[in-house]
Amino acid sequence: MGTVAFRYSAGILPACARVSAVLTLGLATGAFAQTAPGLPAGPAAAPAAQAVGPAKASDPSKEAAVVEKLITHIREEADGTGTRETLARVHVVTDAGVKQLAVLAFTYTAMNQQMDISYVRVIKHDGTVVTTPDYNIQDLPADVTREAPMYSDIHQKHVAVKGLGAGDMLEYKTTLRTLKPEVPGQFWLEYSFEKDGVILDEELDLDVPADKSVRVASADVQPTVTSANGRKLYHWRSENLSRPDPDAPPKSVKNWKPSVQVTTFTDWAQVGAWYQSLQKDQLVVTPAIKAKADALTKNLTADDDKIRAIFNAVALHTHYIGLEFGIGRYQPHAADDVLSNEYGDCKDKHTLLATLLKAEGIEAWPVLINSGHELDPAMPSPAQFDHVITVVPRDGKLVWMDSTAEVAPVGVLIGTLRDKQALAVPNSKPAYLERTPADLPFTQSARFEATGKLDENGEFTGRMSQTYHGDAELVMRSLFRAVPEAEWKEFLQRVSSRTGFGGEISSPEVSAVEKTDEPLRFAYDYKREKYSEWEDRRIGPPLPPIGWELVPGIKQTKPADDIDLGSPGEQVYKSTVQMPAGWHMFPPAGIDLTEDWAEYHSKYNFANGSYTAERRLVVKKEKIPLADWDKYLRFREAIYGDTARMSAIGAPGVEPPLPTTRFTGRVSMPSTEEMQKLMEELEPLRDAFALLGADPPSAGDLATATEKCRSTVADFETQSHDNEPSDMRTLAWAQMLGAAWTCQGWAELENHNHEVAESYLRAAWKLSQNPVAGYQLGRLLEAKGEKAAAAHTWELAYISSPGGMMASIAPGSDTTDKIAASYKKLTGKDLTATPLNRGQYNGSLRAELDRDTEIRAFVRETKLNGQGYYAVTYLADGTIRASLISGDPGMATLAPMLQGRRFPVPMPAGSKARLVREVHLICSPWGGCDAYMLLPTSVTLPMTMKVKAIQVPPPANAPNGARTLRVPSQN
């Protein structure tokens with residue numbers, strides 16, 4: 001409830017510190033701002049507080065405090081003086097509310113304002129009133145005055161509330177008097193009604209002279225207006241009974257406006273003239289200013305060089321003062337004082353910069369801007385600005401600069417200041433609205449390169465080098481300046497760890513941090529034992545996150561504004577790893593993603609014992625239209641899928657397992673003998689499929705195939721009870737059941753036993769999503785006269801992915817052709833189905849298939865943050881059992897929920913099978929838990945085996961003589 005005590009900002013320019021904080025915290029907008037090591041991944045920053053959606057019902061008893069009444073009376077006089085009276089009544093519900101409200105602070109500017117506190121009192125449960133005595137009120141200079149005495153006019157009255165406890169009612173009344181106006185004859189203010197806490201009654205009264213020209217704008221609450229005794233009275237009333245609903249669609253941040261805006265300025269030129277009058281007398285070129293300017297530009301003849309030298313001196317070496325509440329006044333301090341003190345706020349730093357340039361005959365203007373949202377052009381008011389930057393007119397162009405960013409070179413504005421309407425205040429013509437540049441003055445870039453070697457024990461040693469030019473560069477420069485050089489090694493160790501490199505760094509090198517006209521470069525040696533997933537003989541390239549990865553299951557709320565990518569540019573990450581002598585690997589295939597607004601390309605190679613990787617992200621536009629939101633999410637998920645893949649490695653004479661990913665990468669490793677046995681058990685099915693594949697099968701062949709299918713089903717269902725659920729072979733066994741059920745369903749279809757056939761084919765199709773099962777199910781539906789259902793089933797089967805054991809036993813290579821031919825014969829149309837509809841996931845065939853294998857928001861709210869893999873056992877009698885087989889230990893608590901929330905897992909009528917499915921849960925406190933039932937073909941089997949199976953050609957760089965059986969991974 002701290003906002004109750006901090007509503008006295010009318011007429012006070014908000015803190016310029018906000019802009020600097022955005023930079024130093026690494027939250028600058030744009031994809032490249034997120035590439036700095038250790039920063040949160042992803043180009044879209046979290047919405048600001050004002051973007052939160054509609055309120056969700058709240059329980060007042062669970063709040064720290066509830067404001068029962070907050071009434072503000074503002075009376076403005078024609079000469080610019082006025083008063084603001086505030087009455088508050090707050091129910092302090094819990095001890096948390098006591099801690100928040102035990103000390104109240106009321107801020108004012110001593111030079112032109114007076115703060116009076118009429119009373120602060122507590123009403124106890126029994127009606128007793130405890131009044132806080134005057135000696136509990138202290139009038140103190142604001143904290144900033146200890147760091148910068150130049151701002152000694154900022155004061156706060158601190159009130160230690162007497163007798164406050166949980167359940168009490170706190171009341172206070174204050175009056176803020178403006179005794180000397182900022183501008184004679186003018187006044188302005190902004191007010192926003194409370195939306196983040198519970199407030200039962202909030203009222204605002206504005207009392208202005210009736211004959212005064214006053215503009216009043218109301219964004220969300222409309223006033224009642226009356227007139228009396230030569231005054232015009234506006235009254236607003238609002239309430240906020242609930243907290244914002246975090247699940248509601250966000251509102252626009254870009255176009256946010258205060259609830260109430262008031263101004264007496266008629267146009268922006270008038271606002272600019274006022275500010276020009278404030279700074280005019282502060283721009284005096286004193287002997288000290290002239291001497292400093294000459295020293296900075298000594299031996300420089302070109303104006304561009306002089307501008308750069310003077311700007312760098314002010315930006316880097318005049319300490320920036322950021323104020324939490326306000327700077328106390330609009331008028332900057334004299335340039336000579338700022339030079340002497342060597343500190344200042346945004347207005348002061350501009351004044352010093354402009355005066356030093358003036359001493360060298362170079363003109364510079366102030367520019368007033370808002371760092372948070374767009375300007376409202378219809379309301380010419382100083383209250384709309386929270387920052388001052390500088391512009392230099394040069395040869396018909398404007399050169400922009402912001403000395404408070406410190407490490408930003410000439411011409412560079414940070415992301416929150418780009419593409420914003422602002423008020424330029426020239427020296428010799430009226431002020432006007434000017435839009436800041438949308439992009440950086442150069443194409444930004446990020447480069448990462450790792451070179452190293454891996455020894456036989458899994459130890460990686462190498463050199464990491466990084467180069468940044470753009471938004472990420474500003475973040476890293478700011479961080480380096482905040483850390484003493486003696487601690488850079490420890491700092492880079494933390495950077496390395498936060499980007500996924502948990503080894504040890506040494507020998508750091510950093511380019512000159514204050515040389516802002518060149519890209520920032522730093523490098524260090526890196527060593528790590530048991531690199532990557534060495535124990536499992538899998539490695540990934542030593543590359544950091546690209547910044548766009550989106551892990552499956554992590555939900556992102558669609559914003560109200562276009563997605564901001566920042567200034568266009570390119571990120572290129574490369575790595576080279578020399579493998580131990582004689583070792584080998586199968587690198588993954590690269591991917592290529594191209595959209596109008598961005599591209600991503602990757603390529604991987606293994607040659608001459610060296611594993612190389614390259615990932616490149618190109619941002620082509622500043623923003624992504626909201627219409628492309630789903631494309632944007634799929635683009636990021638595809639990048640994650642690429643960067644999460646691991647490459648299997650093998651010692652001389654030992655074949656590696658198939659490449660896989662970090663999160664679906666548990667590998668089943670039965671022996672060659674065990675695999676040979678599995679393939680031998682599939683032999684009857686292989687024979688049966690061959691007989692059924694005849695068009696049509698003879699009566700004798702059909703009888704033989706039917707017997708083989710039925711006996712294999714009985715055998716496989718019996719054997720399905722033999723393995724433990726936690727054994728990966730059990731999960732692989734689901735493929736065996738799917739193949740057997742497909743076989744019997746197909747045979748029963750040929751025998752015209754439609755009811756039995758449908759029972760087996762539906763179960764096989766839901767289990768495997770294999771096109772062979774889908775094709776036969778479509779044939780069955782057509783035979784039953786369900787033509788629409790048959791056509792749609794064929795559409796689904798046509799876009800599903802074949803693979804797994806079925807590929808080695810069923811003549812499925814021409815299945816898609818048969819599906820297409822049957823579809824055309826039934827409908828008279830060519831089958832042109834695609835997984836996505838015009839690139840959109842929602843409503844697509846792919847989404848329909850996924851509905852059988854995923855439950856989004858399986859758990860809506862959780863404190864867990866992790867992943868888990870579960871074996872979920874289904875018995876024919878409906879019994880379901882679940883157990884955690886790998887993942888974060890805390891995820892075990894969710895196993896019982898998997899027994900209560902059902903996936904659509906049908907089993908054939910009369911089946912005696914024990915079906916074990918693998919379920920992947922991904923949980924986060926901000927997104928809840930999503931559940932994904934992996935298809936049986938997600939189990940990865942060994943690559944080299946002598947079996948009667950359709951062999952998949954090995955990669956081009958595989959050892960001579962290698963034979964592989966690839967089981968594709970499907971989610």
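The values are calculated or read from the model by the stated rules, or taken from the named source; none is laboratory data. The shown structure was predicted, so the numbers you read here are calculated from the model rather than taken from an experiment. All Cβ positions, glycine included, derive from the backbone under ideal geometry; neighbour counts span all protein chains shown.
Observations
- Strands (runs of 3 or more DSSP E) contained in segment 837-901 and holding at least 2 residues at pLDDT 80 or above, under 16 Å from Arg917 (Cα atoms) and of a type outside the set (A, V, I, L, M): 866-875, 880-887
Per-residue answers, yes or no, for (1) acidic (Asp, Glu); (2) buried (at least 18 other Cβ atoms within 10 Å of the Cβ):
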site	(1), (2)
Tyr172	no, yes
Thr178	no, yes
Glu182	yes, yes
Ala210	no, no
Ser213	no, no
Ser218	no, no
Val225	no, no
Arg237	no, no
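- In this structure, Gly553 does not qualify as at pLDDT below 95, surrounded by fewer than 20 Cβ atoms within 10 Å (Cβ to Cβ), out of contact with any helix residue (DSSP H, G or I) (no Cβ under 7 Å at 6 or more places or on another chain) and among the small types (Gly, Ala, Ser).
- Positions within segment 149-191 being among the small types (Gly, Ala, Ser) and within 23 Å of Asp79 (Cα to Cα), in sequence order: Gly185
- Restricting attention to segment 336-348 and to residues that are assigned to a helix (DSSP H, G or I) and touching an Asp or Glu at 6+ places or on another chain (Cβ under 9 Å), the residue that is surrounded by the most Cβ atoms within 10 Å (Cβ to Cβ) turns out to be Cys346.
- Matching residues in segment 599-628 - criterion: being buried (at least 16 other Cβ atoms within 10 Å of the Cβ) and in a helix (DSSP H, G or I): Asp628
- Pro393 falls short of the stated requirement of being at pLDDT 95 or above and over 24 Å from Val285 (Cβ atoms).
- Any hit, segment 293-301, residues being within 17 Å of Ala424 (Cβ to Cβ), of a type in the set (Val, Ile, Thr) and crowded, with 22+ Cβ neighbours inside 10 Å: no
- Of all residues making up segment 88-124, the number that are of a type in the set (Lys, Arg) and either in contact with a helix residue (DSSP H, G or I) (Cβ under 9 Å, 6 or more places away or on another chain) or part of a helix (DSSP H, G or I) (or both): 1
- Only residues that are at pLDDT below 75, surrounded by fewer than 20 Cβ atoms within 10 Å (Cβ to Cβ) and of a type in the set (A, V, I, L, M) were counted across segment 772-810, and they come to 0.
- Any chance Lys298 is assigned by TED's automatic domain parsing to the domain that holds Gly411, part of a helix (DSSP H, G or I), at pLDDT 90 or above and among the charged types (D, E, K, R): no
- So Ala589, is it out of contact with any strand residue (DSSP E or B) (no Cβ under 7 Å at 6 or more places or on another chain) and aliphatic (A, V, I, L, M): yes
- Any hit, segment 502-511, residues being modelled with pLDDT under 95 and under 28 Å from the mean Cα position of the chain (by Cα): yes
- Residue within segment 498-510 that is outside the structural domain of Ala315 (by TED's automatic domain parsing), surrounded by 21 or more Cβ atoms within 10 Å (Cβ to Cβ), touching a helix residue (DSSP H, G or I) at 6+ places or on another chain (Cβ under 7 Å) and farther than 19 Å from Phe460 by Cβ present: no
- Ser813 falls short on exactly one of the conditions (1) assigned to a loop (DSSP other than H, G, I, E, B); (2) at pLDDT 90 or above, and that condition is (2).
- Segment 487-519: number of residues that are in a loop (DSSP other than H, G, I, E, B), free of Cβ contacts under 8 Å to residues at least 40 places away in the same chain and not small (Gly, Ala, Ser): 2
- Subset of segment 556-575 [within 25 Å of Lys527 (Cα to Cα) and either among the aromatic types (Phe, Trp, Tyr) or crowded, with 20+ Cβ neighbours inside 10 Å (or both)]: Gln571, Tyr573, Ser575
- If the condition is being surrounded by fewer than 16 Cβ atoms within 10 Å (Cβ to Cβ) and assigned to a strand (DSSP E or B), then segment 425-435 contributes Tyr432, Leu433, Arg435.
- Here Val412 does not qualify as farther than 23 Å from Val475 by Cβ, buried (at least 22 other Cβ atoms within 10 Å of the Cβ) and of a type in the set (Val, Ile, Thr).
- Considering (1) modelled with pLDDT under 95; (2) among the polar types (S, T, N, Q); (3) surrounded by fewer than 21 Cβ atoms within 10 Å (Cβ to Cβ), the lone condition that Gln578 does not fulfil carries the number (1).
- Scanning segment 318-329 turns up one or more residues that are in contact with a strand residue (DSSP E or B) (Cβ under 8 Å, 6 or more places away or on another chain) and modelled with pLDDT of 90 or more.
- The strands (runs of 3 or more DSSP E) located wholly in segment 167-275 that include 1 or more residues which are among the aromatic types (Phe, Trp, Tyr) occupy 169-178, 188-191, 231-240.
- Qualifying residue in segment 646-669 (condition: at pLDDT below 75, farther than 30 Å from Gln578 by Cα and surrounded by fewer than 19 Cβ atoms within 10 Å (Cβ to Cβ)): no
- Any pair with Cβ under 6 angstrom, 6 or more apart, that starts in segment 608-635 at a residue that is assigned by TED's automatic domain parsing to the domain that holds Trp583 and ends at one that is surrounded by 20 or more Cβ atoms within 10 Å (Cβ to Cβ) and assigned to a helix (DSSP H, G or I): Val619/Ala31; Ile624/Tyr632
- Residues of segment 907-932 that turn out to be of a type in the set (S, T, N, Q) and either within 21 Å of Pro896 (Cβ to Cβ) or crowded, with 23+ Cβ neighbours inside 10 Å (or both), as a count: 1
- Among the candidates Ala422, Ala446, Ala438, Ala450, the residue that is over 22 Å from Leu316 (Cβ atoms), among the aliphatic types (A, V, I, L, M), in a loop (DSSP other than H, G, I, E, B) and in contact (Cβ under 8 Å) with a residue 40 or more places away in the chain is uniquely Ala438.
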